Amino acid sequence: MSHYKHLTIIEREKLDHFRAEGKSITCIARLLGRNKSTISRELRRNTLEGEYVPCKAQAQYQERREVCRPTKKLADPALFAFVSDKFLNQQWSPEQIAGRLRQERGESIISCVTIYRAVRDGMLDEAARKVTPYVTKAKYKLRHRGKKRHTKGTEERRGKISISNELETRPEEANSRRRIGDWEADTVAGIQGGACLVTLDDRKSRFLIARVVPSKSAKPVAKAIIDALQGQPTYTITPDRGKEFALHSQVTEALGVPFYFPKPHQPWQRGTNENNNGLLREYYPKGCSFYGVTNEDLQMVVDKLNNRPRKCLGWHTPHEVYFNTVLHLT
């Protein structure tokens, strides 16, 4: 690390005074406590028409300091507009933005650290207020904005249901995510006793299918799963042990697909589903009502998530992997 300090205006005044007295560069350097090359370089750079003027030398130094500073990546209007749109309007994370740019253009355009720093420093605050007036800072658009996480040992209060297959018996193809058609299932609750969402996520592609159901009870949930997966590749379904999946045998009978249940208190066994439910919460926060939300409204949000690049997919989107296609998003 360099410990070099630039000459101050006082040192420049003294330098000019010593020169007027006819002192040599070596002598001046010793009197100022500087290296003689520093004094020589100062005179060479800031002497104009044979005259060294301290105030003008200071002004020239300040101008050069401004120019030599590196240009911020987001000073580029086109790049700023792209990052702002994906982060604020499309809810892409900084890592998704940087990764997808690198994946499509074959080079690193901007790092996620640079985007996080811009968010932290307030560069996107004004744009965030235009998109969402009640949001004062862009950092509140980040997915984890200081919200509390569930602690270990949280008591499971949901009722018990009959279990057809334990997760340990699920086929290895599903465990290793080698094929399309192994689904994870859960519900996203609204207000207590009201409508909710049924979410299904393909383990390999992270592709999301969701439906609005009038209540979080077994019959409408089973009907929604059958409707959502009709005509889709299906090999296994892995839900949690909530009572809303009590009629899983009806789904198995209708679709011919077995259910595999993880142990209680193990949400990480359905990590894909838990992650996508967290992404849905950006659009439907906890405590919101799903009354009036249609499947068409929900599908617009689902399409956004399915067309968002994922690091685990090499910055491809779930839609691209699920349908084996290529999109152009940047």
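Taken together, the values in this text are just the output of simple stated rules run on the coordinates, not laboratory data. This one's a predicted model, so the numbers in the text were calculated from it and none came from an experiment. With ideal geometry, Cβ positions are generated from the backbone for all residues, glycine too; neighbour counts draw on all protein chains shown.
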I need the P(r) histogram for the stretch 15-138: all alpha carbon pairs, bin width 5 Å from 0 out to the longest distance, whole percents. 2, 9, 14, 15, 9, 6, 5, 6, 8, 10, 9, 5, 2, 0
Relative counts (whole %) of C-alpha pair distances in the stretch 9-68, using bins that are 5 Å wide: 4, 19, 30, 28, 14, 5, 1
Links that overshoot a 32 Å alpha carbon limit, given the list LYS219/LYS311; LYS130/LYS311; LYS86/LYS223; LYS141/LYS204; LYS23/LYS72: LYS219/LYS311; LYS86/LYS223; LYS23/LYS72
So, how do all the Cα-to-Cα distances of the stretch 178-237 break down into 5 Å bins, in percent, from 0 on up? 4, 20, 31, 21, 14, 7, 3, 0
Set Lys and Arg Cβ to +1 and Asp and Glu Cβ to -1, take the dipole of the chain about its Cα centre, and tell me which of ILE109, THR238, SER40 lies farthest positive. SER40
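Grab the DSSP H runs of the chain that are 4 residues or longer, score each as -39,500 (n - 2.57), total them, divide by all residues and round the 222 nm result to the nearest 500 deg cm²/dmol. Walk me through the numbers before you get to the answer.
Values: 14 runs with 135 residues, N = 330.
Calculated mean residue ellipticity at 222 nm is -12000 deg cm²/dmol.
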Positive-pole candidate from TYR52, PRO285, MET123, dipole of the chain, charges at beta carbon: TYR52
Could you tell me the relative contact order of the stretch 1-72? Use alpha-carbon pairs under 8 Å, at least six residues apart, and round to a whole percent. 29
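What ranking do 72-78, 208-214 get when scored by the average of other Cβ atoms within 10 Å per residue, highest first?
Details: 72-78: 12.6, 208-214: 20.7.
The densest-packed peptide leads the list: 208-214, 72-78.
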Estimated vicinal HN-Hα couplings, Hz - the stretch 240-247 in sequence order (Karplus 6.51, -1.76, 1.60; Gly, Pro = x): 8, 9, x, 5, 5, 9, 5, 9
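Tell me the Kirkwood radius of the stretch 74-141: reciprocal of the mean inverse pair distance over distinct alpha-carbon atoms, in Å. All intermediate terms of the calculation are to be shown ahead of the outcome.
Details: mean 1/r = 0.0837 Å⁻¹.
It works out to 11.9 Å.
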Calculate the spin-label point distance for ASP227 paired with ASP85, positioning each point 7 Å from the Cα along the beta-carbon direction, and give it in nanometres. 3.4
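In the P(r) worked out for the chain, what percent of Cα pairs fall beyond 37 Å? Each step should come with its number before you reach the end.
Working: 22322 of 54285 pairs.
Summing the P(r) tail past 37 Å for the chain gives 41 percent.
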Please give the charge dipole size of the stretch 9-68, origin at the Cα centre, charges +1 on K and R Cβ atoms and -1 on D and E Cβ atoms. Round to the nearest 20 debye. 320
Let me check I have the definition right: for the stretch 80-232, take the eigenvalues of the Cα gyration tensor, multiply each by 5, take square roots. What are those semi-axes in whole Å, largest first? 36, 22, 16
Rg and Dmax of the stretch 217-330 over Cα atoms: what are they, in angstrom? 15.6, 44
About its Cα centre, the stretch 230-330 carries a charge dipole, from +1 on Lys and Arg Cβ atoms and -1 on Asp and Glu Cβ atoms, whose size in debye to the nearest 20 is 400
Report the charge-dipole magnitude of the chain in Debye, nearest 20, computed about the Cα centre from +1 at each Lys and Arg Cβ and -1 at each Asp and Glu Cβ. 1320
Taking 0.36 nm per residue of separation and subtracting the Cα-Cα distance, what length does fully extending TYR4 through ARG69 add? 21.7 nm
